[in-house]
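Input: a single structure, listed below in structure tokens.
Readers should treat all values here as calculations from the given coordinates under stated rules, not as data from a laboratory. Just so it is clear, the structure is predicted and the values come from calculations on it, not from any experiment. Heads up, the Cβs are rebuilt from the backbone with ideal geometry, glycines too, and the neighbour counts pull from every protein chain shown.
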Amino acid sequence: MWADPELTLVSSRVADFLRPMQVSKGQNICDVVVIGAGVYGVWIAYELQRSGKRVILIDAHGTGHSRSSSGGESRIIRMGYGADEIYTRSAQRALQLWQEFFGRINETLFQQTGVLWLAHEEDPYPGRCAETLHRVRIPFEKLTTSEVHQRFPQIGLDRVSWAVLEPESGIIMARRAVQAVAREAINNGVEYLQGAVQPPNGEGRLTDITTTNGERILAATYVFACGAWLPKMFPGLLADRIRPTRQEVFFFGAPAGDCRFTMPALPTWIDFKDEAYGLPDLEGRGVKIAIDRHGPRFDPESGNRVVTPEGLLEVRQYLARRLPELRNAPVTETRVCQYENTSNGDFLIDLHPDFENVWLVGGGSGHGFKHGPVVGEYVAARIDGKSEGSEARFSLATKAFHQQRTVY
Ligand SMILES: Cc1cc2nc3c(=O)[nH]c(=O)nc-3n(C[C@H](O)[C@H](O)[C@H](O)COP(=O)(O)OP(=O)(O)OC[C@H]3O[C@@H](n4cnc5c(N)ncnc54)[C@H](O)[C@@H]3O)c2cc1C
């Protein structure tokens, strides 16, 4: 282990739900600092600690906070990725790892709602999903519109010509899941610090990082998993390679006593061609609907998180077609979150070109949450030198400056 006894790490305020950090004079050096406690940072810290590393996890606002992309209440875990088998396999492995983790902590943070792909005639994507699911041996059903109608009569089938159902997929209760991984990592020995890390300068080997409070932390390896804040952290490198966009999310309340819009009656559904998706009412929040088209550029720190009347109008028009009986349903909650998009939607997991010991991890691009455990395994293996090789699609070199979304 790399060490410098001259320096002292000063602990800072921690999020209320996290155990106070156990750092004292002399414990100032760690193997790896993970900056950012979103879904990627917490899983990376968790996996590195399990592989025997001494890890500090640091976040500016606390794990799963409202401005982080991982701070939403729910995220879909589906296996279909068109012809992109790499993500189908990753989602398959991730679901297994999430479920094992929830089993270990004895908490139910996965809801097996099933995921229904609504296919439009002219849209090849659901067909490609079905081919890949078949090849990878993930259970799925192809349904005709009359079969969909029979099972889910509350869904309007306007412009839909068939469907794919992934019965084993569903929803991860995102914020609580991320906080649970952080809590377990800390219970296992990861040290957590709340502080805003300043952008590092220089090149070669990074020796230390500092927070805006003047704290200094030394490590052998640094992992920056800062989500939509990555372009602020590395403006010269990432300002145009990761583009945060503003995304609005709405929840609608079903009529009193009506169970047709909760699970198991209503599955999660994806309307790929209409760029929309919906979740059944989980835990009484209401049916969740969002448009999956990239919104305008967004500042994750200071951006306005109040939804727009235009956004509500579009979602209500969609609702009137897909769940006609909820066309006039009241909005029960809204959220504004940000995607952190790479040019085509592939993740960014690579060494910084100017620093031999700095990793960049992010670019979840609106679909990255589910893969958290796999990203954790992958990054830990690469840092440990145990990886079978690097995945070219995650490299910085493949990240262009223009947007051309192909991975969803
Ligand atoms: C509306 C919406 C719906 C989505 N739906 C899905 C879905 O259904 N399924 C799916 O798989 N994915 C989905 N995603 C994508 C997924 O949520 C994100 O890709 C994922 O959460 C990104 O995680 P992250 O760890 O990279 O970033 P974040 O969760 O944003 O975490 C980054 C962290 O870094 C911290 N940080 C930043 N700068 C600093 C600093 N200087 N010092 C210290 N800490 C810092 C931040 O405070 C933050 O906590 C959705 C995203 C949105 C917005």
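Set the Förster distance to 35 Å, then compute FRET efficiency between R327 and A239 from the Cβ-Cβ distance, nearest 0.05.
Numbers: r = 42 Å, r/R0 = 1.20.
So, using R0 = 35 Å, E works out to roughly 0.25.
For the peptides 381-390, 363-372, 39-48, what is the packing order when you average, over each peptide's residues, the other Cβ atoms within 10 Å and list the highest mean first?
Order by mean packing, descending: 39-48, 363-372, 381-390.
Which whole-number percent is the relative contact order of the range 230-365 (Cα, under 8 Å, 6+ apart)? If you can, show how the numbers build up before the last one.
Working: 238 pairs, mean separation 39.9, N = 136.
Relative contact order for the range 230-365 comes out at 29 percent.
Hey, can you rank 59-68, 157-166, 295-304, 105-114 by average C-beta count inside 10 Å, highest first? Mind dumping the intermediate values first?
Values: 59-68: 21.5, 157-166: 19.5, 295-304: 14.0, 105-114: 16.3.
Highest mean packing first, the order is 59-68, 157-166, 105-114, 295-304.
In whole percent, what relative contact order does the range 333-408 give with Cα contacts below 8 Å and a gap of six or more residues? Present the calculation step by step, with values, prior to reporting the outcome.
Working: 92 pairs, mean separation 31.5, N = 76.
Answer for the range 333-408 is 41 percent.
Sum up the lysine pairs in the chain that clear both bars: alpha-carbon distance under 27 Å and a spacing of 8 or more or different chains.
Within the chain, the lysine pair count is 15.
Which ³J(HN,Hα) values, rounded to whole Hz and listed in residue order, are derived for the range 64-74 from phi using the Karplus coefficients 6.51, -1.76 and 1.60 in 6.51 cos²θ - 1.76 cosθ + 1.60 with θ = phi - 60°, glycine and proline given as x?
x, 6, 5, 8, 7, 5, 7, x, x, 6, 8
Placing +1 on the Cβ of each Lys and Arg and -1 on the Cβ of each Asp and Glu in the chain, which of P199, T268, Q92 has its Cα farthest towards the positive end of the resulting dipole?
After comparing all options, I get T268.
Which order results if D258, D84 are arranged by neighbouring Cβ count within 10 Å, fewest first? Present the calculation step by step, with values, prior to reporting the outcome.
On the way: D258 14, D84 19.
Exposure proxy ranking, most exposed first: D258, D84.
Contour minus end-to-end for Q404 and T308, with contour as 0.36 nm per residue of separation and end-to-end as the Cα-Cα distance? Before the final figure, lay out the partial values.
On the way: separation 96, 0.36 × 96 = 34.56 nm, distance 2.58 nm.
That pair, Q404 and T308, stretches by 32.0 nm at full extension.
Report, in degrees rounded to the nearest 10, the 0 to 90 angle that the Cα long axis of helix 125-136 makes with the longest principal axis of the chain.
Between the helix axis and the principal axis of the chain, the angle is about 60 degrees.
Just add up the charged neighbours of A163: K/R +1, D/E -1, any other residue whose Cβ is under 14 Å from the Cβ of A163.
Details: positive: R78, K142, R151, R159, K273, R322; negative: E121, D123, E141, E147, D158, E166, D271, D274.
That sum, taken over residues with Cβ under 14 Å, equals -2.
Measure nothing fancy, just the Cα-based angle from helix 174-187's long axis to the longest principal axis of the chain, in degrees from 0 to 90, nearest 10.
30
For A276, list long-range residues whose amide hydrogen, built 1.01 Å from N in the peptide plane, is under 5 Å from its own amide hydrogen.
D271, D292
Just report the Cα centroid separation between the range 226-303 and the range 168-211, whole Å.
22
Determine ³J(HN,Hα), in whole Hz, for all residues of the range 152-164 in sequence, where each value follows from phi through the Karplus function 6.51 cos²θ - 1.76 cosθ + 1.60 and θ = phi - 60°; x replaces Gly and Pro.
Result, ordered by residue: 10, x, 6, 8, x, 10, 3, 6, 8, 10, 6, 7, 10 Hz.
How much mean residue ellipticity at 222 nm does the chain get from its helices, if each DSSP H run of length 4 or more adds -39500 (n - 2.57) and you divide by all residues, to the nearest 500 deg cm²/dmol? Could the numbers behind the result be given before it?
Details: 9 runs with 101 residues, N = 408.
Helices in the chain give a 222 nm mean residue ellipticity of -7500 deg cm²/dmol.
If I take R0 = 56 Å and measure r between the Cβ atoms of R159 and T108 in this structure, what FRET efficiency does the formula 1/(1 + (r/R0)^6) give, to the nearest 0.05?
Numbers: r = 36 Å, r/R0 = 0.64.
Efficiency computed from Cβ-Cβ geometry: 0.95.
Any idea how far apart R135 and E184 come out in nm if each label point goes 7 Å out from Cα toward Cβ?
The answer from the label model is 3.1 nm.
Between G366 and residues 5 or more places away or on another chain, which pairs have amide H atoms under 5 Å apart, with H built 1.01 Å from N, and which residues are they?
Under 5 Å from the amide H of G366 lie the amide H atoms of E340, each far enough along the sequence or on another chain.
Need the full-extension length gain, E275 to T212, defined as separation in residues times 0.36 nm minus the C-alpha distance. One decimal, nm. Show your work: numbers first, answer last.
Values: separation 63, 0.36 × 63 = 22.68 nm, distance 3.98 nm.
Full extension from E275 to T212 adds 18.7 nm.
Would you mind checking which residues have amide H under 5 Å from T332's amide H? H placed 1.01 Å from N; only 5 or more apart, or other chain.
Long-range HN contacts for T332: F251, F252, G253.
With +1 on each Lys and Arg Cβ and -1 on each Asp and Glu Cβ, and nothing else charged, work out how big the dipole of the chain is about its Cα centre, in Debye to the nearest 20. Don't jump to the answer; show the numbers that get you there.
Details: 45 positive and 49 negative charges, 75 e Å.
Roughly 360 debye for the chain.
With θ taken as phi - 60° and the coefficients 6.51, -1.76 and 1.60, list the Karplus ³J(HN,Hα) couplings across the range 194-200 in order, rounded to whole Hz; mark glycine and proline as x.
Once rounded to whole Hz, the list reads 9, x, 9, 7, 7, x, x.
If I fit a long axis through the Cα atoms of helix 372-384 and take the longest principal axis of the Cα atoms of the chain, what angle between them do I get, 0 to 90°, rounded to 10?
The helix 372-384 is inclined about 30 degrees to the chain.
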